[in-house]
1. Which one of the conditions (1) assigned to a loop (DSSP other than H, G, I, E, B); (2) more than 24 Å from S16 (Cα to Cα); (3) over 38 Å from the mean Cα position of the chain (by Cα) does A116 fail to meet, given that it meets all the rest?
2. Confirm whether Y300 is in a helix (DSSP H, G or I), out of contact with any strand residue (DSSP E or B) (no Cβ under 7 Å at 6 or more places or on another chain) and hydroxyl-bearing (S, T, Y).
3. Can you tell me which residue is nearest to D240 (Cα to Cα) among those in the range 93-113 that are open to solvent by 30 Å² or more (accessible area, probe 1.4 Å) and assigned to a loop (DSSP other than H, G, I, E, B)?
4. Which numbered condition in (1) in contact with a Ser or Thr (Cβ under 6 Å, 6 or more places away or on another chain); (2) open to solvent by 60 Å² or more (accessible area, probe 1.4 Å) is the only one that M181 fails?
5. Counting just the residues of the range 170-198 that are at positive phi and not charged (D, E, K, R), which one comes out modelled with the highest pLDDT?
6. Output the number of residues of the range 51-65 satisfying the condition of being surrounded by fewer than 19 Cβ atoms within 10 Å (Cβ to Cβ), touching a Leu at 6+ places or on another chain (Cβ under 8 Å) and closer than 14 Å to E26 by Cα.
7. Name the pairs: first residue in the range 199-211 and among the polar types (S, T, N, Q), second residue surrounded by 13 or more Cβ atoms within 10 Å (Cβ to Cβ), Cβ to Cβ under 7 Å, at least 6 apart or on different chains?
8. Of all residues in the range 227-277 being of a type in the set (D, E) and at pLDDT 80 or above, which is nearest to F195 (Cα to Cα)?
Amino acid sequence: YTILSKVHSDRNVYPSAGVLFVHVLEREYFKGEFPPYPKPGEISNDPITFNTNLMGYPDRPGWLRYIQRTPYSDGVLYGSPTVENVGKPTIIEITAYNRRTFETARHNLIINIMSAEDFPLPYQAEFFIRNMNVEEMLASEVLGDFLGAVKNVWQPERLNAINITSALDRGGRVPLPINDMKEGVYVMVGADVPFSSCLREVENPQNQLRCSQEMEPVITCDKKFRTQFHIDWCKISLVDNTKQVSTFQEVIRGEGILPDGGEYKPPSDTLKSRDYYSDFLITLAVPSAIALVLFLILAYIMCCRREGVEKRNMQTPDIQLVHHSAIQKSTKELRDMSKNREIAWPLSTLPVFHPVTGEIVPALHTDSYDNTSMPLMQTQQ
């Protein structure tokens, strides 16, 4: 294959600082730059992926994110521009890769960030939507429906979407591929009026207790979202910037040169020597002395304070000693009598083979044959 590269004309966009910016990289826009499908009459559906980076750098700015689920779906650039970049054009290089022909097409996206007169909006609320992915939420019609539902609940004069963040970027887990589960998305909106009573219901002690017990809180306006959006009210965040005291202190930047502190003066050679004898006693001698004393006490208890057999017999009742002695004497007599028996064993208990030589042993033995050492019958092979 011949790898070609074509450059589109630059495209300018003008987002506002502090307001959500969404730019869709449409696959249809780049299909015309690639050769037609090899079979005439068939619709071209080549897999196309995009690579985006700030001009002169390998990655995008910190406020700009990019997502594309599959090579057969459109890519989306989204984020919330910052005030620091107002008036500075941000050039994003977009490279489209055709995975069938390995061709590329490029064009530049020039982002001219404009300042918003009413930014930042003082009252900001962040919602967590459980049944949406980030690319689904970035669709204009879906985002418009959500902002409409929030406007009905909040009733502000101005309402803007500030930022959208995937739950995976907040440390969430990748959902299991069952029941069409979604990863979830955080949506931050801002308004110019205080929070409504419905949104304040999340701060009630009863709802806070239910959230701590992993139970769904009772919110009166939840039904206005439930038809399309499943809101996790335990993860809603309400920020009132009018009550926050700014702790920012202006940094006074100098010339970058440390003040002259004079010449280096090393320590004097006439330093007093230190006596480590006391440290030695405290570190080694004292613990060793304590260990030696403990060893002597333990040796005295183990060796010199043993009860012994005599003391045990003195504390044992005489009748118990007599019984024990009688049992030992009777057992010894029975063992001596069993050794002196001269009665021949039954034939069923005599061995067939000699246990050592393997020779056949006769069934009858003389009286002098030592049959007490013969084992029982062994298994014939």
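The values are calculated or read from the model by the stated rules, or taken from the named source; none is laboratory data. Note that the coordinates shown come from a computational prediction; the quantities given were computed from them, not determined experimentally. All Cβ positions, even for glycine, are placed from backbone atoms using ideal geometry, and neighbour counts span all protein chains on display. Just so you know, the surface numbers come from the protein's heavy atoms only, side chains and all, with ligands and any DNA or RNA stripped out. Shrake-Rupley method; radii C 1.70, N 1.55, O 1.52, S 1.80 Å.
1. Checking A116 against (1) assigned to a loop (DSSP other than H, G, I, E, B); (2) more than 24 Å from S16 (Cα to Cα); (3) over 38 Å from the mean Cα position of the chain (by Cα), the one that fails is (2).
2. Spelling it out, Y300 is indeed in a helix (DSSP H, G or I), out of contact with any strand residue (DSSP E or B) (no Cβ under 7 Å at 6 or more places or on another chain) and hydroxyl-bearing (S, T, Y).
3. Among them, the one singled out is N112.
4. Failing condition for M181: (1).
5. By that ranking, first place goes to G184.
6. Qualifying residue count, the range 51-65: 0.
7. Short answer, once both residue conditions are applied: N207/E201; N207/P217.
8. If we take residues in the range 227-277 being of a type in the set (D, E) and at pLDDT 80 or above, then D240 is nearest to F195 (Cα to Cα).
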